[in-house]
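Quick notes on the structure that follows.
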Amino acid sequence: MKNRQTHKAFTLVELLIVISIIAVLAGLVMPTLTGARSSGDKMKSMNAAKQIAQAWVGYSKGEKTRTLNAENIHDWAFRLASHVDLNTPALWILDFDPIVSDKIGSGAAMPANIGDKIGTTWKISEEFKAFPLSWEVANRVRPNASSNTPLIWTRGLKSNGTWSKEDGVFGDKGGHIAFVDMSVKWFDALQDEDNPKGALKVYNETRATFNIGQAIGGAQNILKSQLE
């Protein structure tokens, strides 16, 4: 006579306990994963800002002192790319940037180049021009400007020293600023208890300010990404 094997099924209470344990574990793990992702995004942003600032220094302080001047931010990035070895769209188009992610999600492909060289002539990439950039730029900064003059910063910085929740690369959590001396710093905001007058300096002065326009010599010199 064969022995019958009996299988004990989970009771409803046991099933609920298992689900509760999984939920608790997920709650413990998710903040860690989110924090690691955020740290990685900040590192990528900082490295991109550093490379762009270094390229600007190489361009502006070469054999001839030159001021980089353009009509829009895409052209500014293109002019830099065409004069130095920095033809890398991923430095300007951060893949974790929500607006960039939406663009890619709509079917747009990440551009291969900022510009294309045909013979001895450079032409800006139409694919690059069609993308919103993750940075804003200080146009017409002179190579002899003070070392604490901002050069580029993550998109969405407002005149009151905070970042826009809707347009900011990191929302309203903060952003990076790269300076003329190629240093890159993260700021939660440009005005806080430690810096009530502002964390920046008025262009070529010692007075403190939280207004990015004052720090670069005028708001008219700010080149912003066209958000479409």
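What order do you get for Lys64, Lys224 when you list them from fewest to most C-beta neighbours inside 10 Å? Working shown, then result.
Details: Lys64 7, Lys224 16.
Fewest-to-most ranking of Lys64, Lys224: Lys64, Lys224.
How many nm is it between the label spots at Asp75 and Ala130, if each spot is 7 Å from the Cα in line with the beta carbon?
Here the answer is 2.1 nm between the modelled labels.
If you take all C-alpha pairs in the chain, what percent of them are over 32 Å apart? Mind showing how you got there, number by number?
Details: 8003 of 25878 pairs.
Counting pairs separated by more than 32 Å, the tail of P(r) holds 31 percent.
Which whole-Hz couplings ³J(HN,Hα) result when phi for each residue of the stretch 180-187 is put into the Karplus expression 6.51 cos²θ - 1.76 cosθ + 1.60, θ = phi - 60°, listed in order with x for Gly and Pro?
Running phi through 6.51 cos²θ - 1.76 cosθ + 1.60 with θ = phi - 60° gives 4, 7, 6, 6, 10, 10, 8, 10 Hz.
Between Ala109 and Ser183, what is the label-to-label distance in nm when each label sits 7 Å out along the Cα-to-Cβ direction?
Rounded to a tenth, the inter-label distance reads 4.3 nm.
Contour minus end-to-end for Leu25 and Thr67, with contour as 0.36 nm per residue of separation and end-to-end as the Cα-Cα distance? Display every interim value, and only then the final one.
Working: separation 42, 0.36 × 42 = 15.12 nm, distance 5.49 nm.
Here the answer is 9.6 nm.
What FRET efficiency would be calculated for the residue pair Ile17, Lys44, taking the C-beta separation as r and a Förster radius of 41 Å, to the nearest 0.05?
Values: r = 41 Å, r/R0 = 1.00.
The computed FRET efficiency comes out at 0.50.
Classify the stretch 44-91 as rounded, prolate or oblate from the Cα gyration tensor: take a ≥ b ≥ c as the square roots of its eigenvalues, call it rounded if a/c is under 1.5, otherwise prolate when a/b beats b/c and oblate if not.
Numbers: a/c = 1.91, a/b = 1.29, b/c = 1.48.
Because a/c hits 1.5 or more and a/b fails to exceed b/c, the stretch 44-91 counts as oblate.
On a C-alpha basis, how far is the centre of the stretch 83-151 from the centre of the stretch 208-228 in Å? Whole number, if you could?
After rounding, the separation between the Cα centres reads 18 Å.
For Glu205 and Asp95, FRET efficiency with R0 = 41 Å and r from the beta-carbon atoms, rounded to 0.05?
Values: r = 38 Å, r/R0 = 0.92.
Efficiency at R0 = 41 Å is approximately 0.65.
Values quoted throughout were computed directly from the atomic coordinates according to the rules given, and no laboratory measurement underlies them. On a predicted model such as this, the values are computed, not experimentally measured, just so you know. Cβ coordinates were reconstructed from backbone atoms using ideal geometry, including for glycine residues, and neighbour counts include every protein chain displayed.
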